[in-house]
Amino acid sequence: MEVFTHALIQALTWQNLLALIAGGIYGIVVGVLPGIGSAVGMALALPLTLRWPPDTALIFLCASYKLSGYGGSITAILLKTPGETANAATVLDGFPLCEKGEGGIALGASCAAAVVGGLIGTLCLIFFSPPLARFALRFDAAEYCLLAILALTIISTVIEEAVIKGLISAVIGLTLATIGFDNISGILRFTFGIDILADGIPIIQALVGLFAITQAIELAESTETISKLGDLKGSVWDGFKKYFHYPWNIIRSSLIGLFIGILPAVGQTTSGFLAYMEAVREAKHPETFGKGNIEGVIAPETANNACMPGDLVCTLSLGVPGSVGAAVFLGIMIIFVIPPGPLAFTEKADVIYTLFMSLLLAHLLILAIGLTSFKYFALISLVPNTIIVPTIIGISLIGSYAVRNSMADVALSIVFGFLGYMMNKTNFSPIPLLIGLVLGDMVEKNFHRALLMSEGSLSIFYESLISKILIALIFLSLFYPYISKLWKRIRQKRKEALP
Amino acid sequence: MSFKKRLILLFVPLLVFPLGNAEGKRETFPIKPVTILCGYSAGGSTDIQIRTVAPYLQKYLGQPVIVENLPGAAGTLAFNKVFSSEPDGYLILVANLQAMILGEYFRETARYRTKEMTFIYNLVKESNILVTHPELYGSFREFAEAAKIKKLKVGVAGKWDPTHVFTALLEQTIKVKFNVIPYEGGGPAVTSLMGKHIDAVMTIGSTAYDKVRAGQIRALLVMEKARTAQYPDVPVLADLGYEAPTILYNYGVYGPPKIPQDRLKILEAAFAKAVRDPGYIEKTKKMNIEVYPLSAQQFRKIYEEQYPITLKFAEILKRGE
Amino acid sequence: MAFLLQLIVFTFFTLFLWKSFDYPFEVRLYPQVITLTGLTLVGLSLFQHLKQGKGTAPTEDVLRRARFYRISLILIAGIILGFLIGFLGSVLFYYIAYAYFQGERKKLPRNLLIGTSLTFFFYLLFGYFMGVPLFRGMIKIF
């Protein structure tokens, strides 16, 4: 207990508080800018922080990491442009809410999600890291492969009328993911001689293209503003309160986020979409999703904010980064000579616990920022398209460019923009494609590695308990739509049979 | 002020900035920031090495030093880029020498020629180390005995990566066959090990250091001729009666071919001072990194020595597939 | 439109399947499995499509179409410009082009001003503060 009070005092020194606030604001800016993700943001800020004392530096960077997810949700809701890959799921219902004039409500719910989901995640990080980390270690190649397939099937099969189209979209994503170096044998595949593809289709560029550019094209087709002045209803505070009407969603999404977070190598994008899709599945009126159902904002945002501290669980207790952002964070810890892993808790305990306290305080920061400034953000939706569209394009393309300093990436984003446009017009959802692209690597390399480990035997895929559960869930999600229809029909018949 | 005047004022800065960037044949190099390219993601061992020394380099170079990451194809994209860029001294590369040699040898997209690169300075030296999970094997001898009975799973940092070569070296030295499993770097391999999904991992000294100290993994063997300061209690090949040639494992800084001599000298001198800076030395001691400063000439000499040795093993690796 | 897209997808899978035979067994196993799955799914989807019969095609909003072609042209021209005069040049172009073609003529000067200042703002933010090296183009203006 003493440790915590001491750490709290440390966290409240003016330098650390300043670092927290500055880091938070920087994080939001980074989050708002599409393409410049939390990882890049941290890397860019790193040289600045090198001269500071370790706890101050870590607080700044951690605050930046945490709030960039939140910042990303802002543009996702207001501009249909996810600031981070993680926020892609928030776009689905966040933007329609904005179109209905309820942008403020969406922002409020997102703020609440950031606070609640984040607190749940952070508390688990502080108190349950060791057992959570041990659980995560039980996952290896075979389990990861199955998990990725499961995530894909869940995401592809939610929309009942378009199951096959969803699966096709996913397979396209998986196929695109094979471009580039084969991880195991090192052979270059499917690049058709184009050098820049040697590393495969980069996720951020595809994301920017499929969501931001597509949106820009669609907006360009109509010359109005996104929402009209008279229609703005609901304030941020309303949205914040509304969040708490859905406790099951909150609990479920936090668990999903935490689970995905603690597993190294699976990230926020997956957790966001999984939580979203599960919310759809459990809802009484699934058809309202995609048209502005607040639960469609609550689920992914809660999950993602629980996921981020989950990332840190493995990073801090095992020294294994749980995501790209966490890897940067890990490198930073090493530079500050904080040994990641259990040693950090003995040798640099004061730094670590101060960090934890700051992380908790960061949620107050989110609360403060969220409830005060966001009504002004909602006004963005009133800016005419003439300004908005080129801005979306400009910001997105800078984002695409900044990752690898490559104009070719920018061209690639535009190609994806047109692809996304065509897909939206023909009822193919681009989401499974994106997730296929994200997870494709994971499926293939774990598939190969599992086979290598078992020297060719497929038994490795059903040996462990976890594998068996995952396989069962895959079948369940593939056939769930048909089973539930059948079940409904049986119930219907029974009702009719009664006098 | 009239509207027009305000408009013009807005545009003036836009015109000034490009002028500020004019590169004339002016005073001494460097007159603008120097970029060091790293072929691996942020947080990796190469990245950490260069970021640790960068602030000190900045001090002695007089210009900002920017570390840029260009991950891809296990460093090849970065190697290619620097190789084909202007030899003006403003874009240089940090990399592990052996990885460059092997990459050139094995990868079809390697368009760089290690031989032609300008060797600027060598920073540090690392060693390869074999680690296992504490609950699996108590000592290297136990491990070696088990390896003779069944095919043990050994993780390496990548296909054709130097750790892969060291593993092949080990295979031949103790005359066993491993089931070699490539990962995307030392990190994922060690994670798998911590979950006891594989038997051992061949990785780099610094990567394993904290985990060994924490007792999460156990160090079995250091692939060196003599005991290292980093792992004084861990046996080396010679201790166990094995004779094996050592390959160096060093990280250095390179530039595109034919950097002008005067600029090379300036860079070299700055690095030399940076690695001797007390602040840097203190950091490396804490992280237990072995600084191994080599001037440009010494560095190239090491390359000449290491090249045939590295290739010999590369060939063995290739034949074994 | 739907049919066209599915045809493109079909070609896409076939292309990858065909190319996969260039690689050794282990390397092409996974791509072949997924491209075959993809082809099967596309087949099923086309079958479904035909079964539903040609539903009424949505009435083409000609104005929408025209605007679509315009924005596509702007995007493509912008990219080419980007390669030539650098990134900031292309951003500026987008603002100008968009304001000119899509916006209201009356508001043109205002939009141009906002666009230029936003480009400048981007330059400051990214190029100056964040140190992101912005592409200079082959003709180095910016």
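For chain B, which span is the longest to avoid every loop-located (per DSSP) member of trypsin sites (Lys or Arg not before Pro) having at most 15 other Cβ atoms inside 10 Å?
Result, exposed sites excluded: B:27-110.
Convex hull over the Cα atoms of the stretch B:116-219, averaged projected area in nm²?
Values: hull surface 29.9 nm².
With the hull built on Cα positions only, its mean projection is 7.5 nm².
List the residues whose amide H sits under 5 Å from the amide H of B:L123, counting only those 5 or more places along or on another chain, with H placed 1.01 Å from N in the peptide plane.
B:Y251, B:G252, B:V253
Can you sort A:R134, A:R494 so the residue with the fewest Cβ neighbours within 10 Å comes first? Could the numbers behind the result be given before it?
Details: A:R134 14, A:R494 9.
Ranking A:R134, A:R494 by Cβ neighbours within 10 Å, fewest first, gives A:R494, A:R134.
Shape of the stretch C:2-52 from its Cα gyration tensor (a ≥ b ≥ c, root eigenvalues): rounded if a/c is under 1.5, otherwise prolate when a/b > b/c, or oblate?
Verdict is prolate for the stretch C:2-52.
A 22 angstrom limit on the alpha carbon distance is what I want to check against. Which of B:K125/B:K318; B:K153/B:K318; B:K32/B:K125 exceed it?
As for pairs spanning more than 22 Å Cα to Cα, those are B:K125/B:K318; B:K32/B:K125.
What relative contact order, as a whole-number percentage, does chain A give when Cα pairs under 8 Å and 6 or more residues apart are counted?
The value is 27 percent.
Going 7 Å from the Cα of A:L12 toward and past its Cβ, which residues in the stretch A:358-374 have a backbone nitrogen under 13 Å from where you end up?
Within reach of a label on A:L12: A:358, A:361.
Suppose R0 equals 41 Å. What FRET efficiency, 1/(1 + (r/R0)^6) with r the Cβ-Cβ distance, do A:F479 and A:F418 give to the nearest 0.05?
About 0.75, to the nearest 0.05.
Just to be sure I follow: if Rg is taken over the C-alpha atoms of the stretch A:232-276 and Rh is the Kirkwood radius over the same atoms, what is Rg/Rh?
Details: Rg = 13.5 Å, Rh = 11.9 Å.
On the Cα set of the stretch A:232-276, Rg over Rh gives 1.13.
Ranking B:V165, A:V115 by Cβ neighbours within 10 Å, fewest first, what do you get?
The order, fewest Cβ neighbours first, is A:V115, B:V165.
Sort C:L36, C:L81 so that the residue with the fewest other Cβ atoms within 10 Å of its own Cβ comes first and the one with the most comes last.
Values: C:L36 14, C:L81 19.
With the fewest neighbours first, C:L36, C:L81 line up as C:L36, C:L81.
Could you tell me the extents of chain B's C-alpha atoms along the three principal axes, largest first, rounded to whole Å?
Principal-axis extents of chain B (Cα, largest first): 88, 41, 41 Å.
Can you show me the helix-derived [θ] at 222 nm for chain A, built from DSSP H runs with n ≥ 4 at -39,500 (n - 2.57) apiece and divided by the number of residues, rounded to the nearest 500.
About -24500 deg cm²/dmol.
So between A:I251 and A:V3, what do we pick up on full extension, going 0.36 nm a residue minus the alpha carbon distance?
Contour length minus Cα-Cα distance gives 86.4 nm.
Determine the alpha carbon to alpha carbon distance for each of B:K175/B:K211; B:K59/B:K286; B:K286/B:K312; A:K445/B:K258 and list only those over 32 Å.
Pairs exceeding the cut-off: B:K286/B:K312; A:K445/B:K258.
Taking 0.36 nm per residue of separation and subtracting the Cα-Cα distance, what length does fully extending A:R494 through A:I25 add?
163.0 nm
Give me the Kirkwood hydrodynamic radius of the stretch B:231-285, using the inverse of the mean 1/r over all pairs of distinct Cα atoms, in Å to one decimal.
15.1
May I ask you to derive the relative contact order of chain B, considering only C-alpha pairs under 8 Å and at least 6 residues apart, and to give it as an integer percent?
Once normalised by length, the contact order is 25 percent.
Among B:Q298, B:G241, B:I259, whose Cα sits farthest toward the positive end of the charge dipole of chain B (+1 at Cβ of Lys/Arg, -1 at Cβ of Asp/Glu, about the Cα centre)?
With unit charges placed on the Cβ atoms, the residue in question is B:I259.
Could you compute the FRET efficiency for A:T288 and B:N179, with r as their C-beta to C-beta distance and R0 at 56 Å, rounded to 0.05?
Using R0 = 56 Å, I get an efficiency of 0.60.
Add -39500 (n - 2.57) for each DSSP H run of 4 or more in chain B, then divide by its residues: what number comes out at 222 nm, to the nearest 500 deg cm²/dmol?
-14000 deg cm²/dmol
Please get the size of the charge dipole for chain A, origin at its Cα centre, with Cβ charges of +1 on Lys and Arg and -1 on Asp and Glu, quoted in debye to the nearest 20.
In total the dipole reaches around 1160 debye.
Semi-axes of the equivalent ellipsoid for chain A, please: Cα gyration tensor eigenvalues, times 5, square-rooted, ordered largest first, whole Å.
Each semi-axis is √(5λ); the values are 32, 29, 25 Å.
Could you sort out which of A:K80/A:K165; A:K242/A:K348; B:K159/C:K19 sit more than 31 Å apart by Cα distance in this structure?
A:K242/A:K348
Would you mind classifying the stretch A:19-139 by shape? Square roots of the alpha carbon gyration tensor eigenvalues, ordered a ≥ b ≥ c; an a/c under 1.5 is rounded, otherwise it is prolate if a/b is larger than b/c and oblate if not.
Note, shape of the stretch A:19-139 comes out oblate.
Where a number appears in this text, it was derived from the coordinates with a stated rule and is not lab data. These numbers were taken from a predicted model, which means no experiment stands behind them. As a convention, Cβ positions derive from the backbone with ideal geometry for all residues, glycine included, and neighbour counts pool all protein chains shown.
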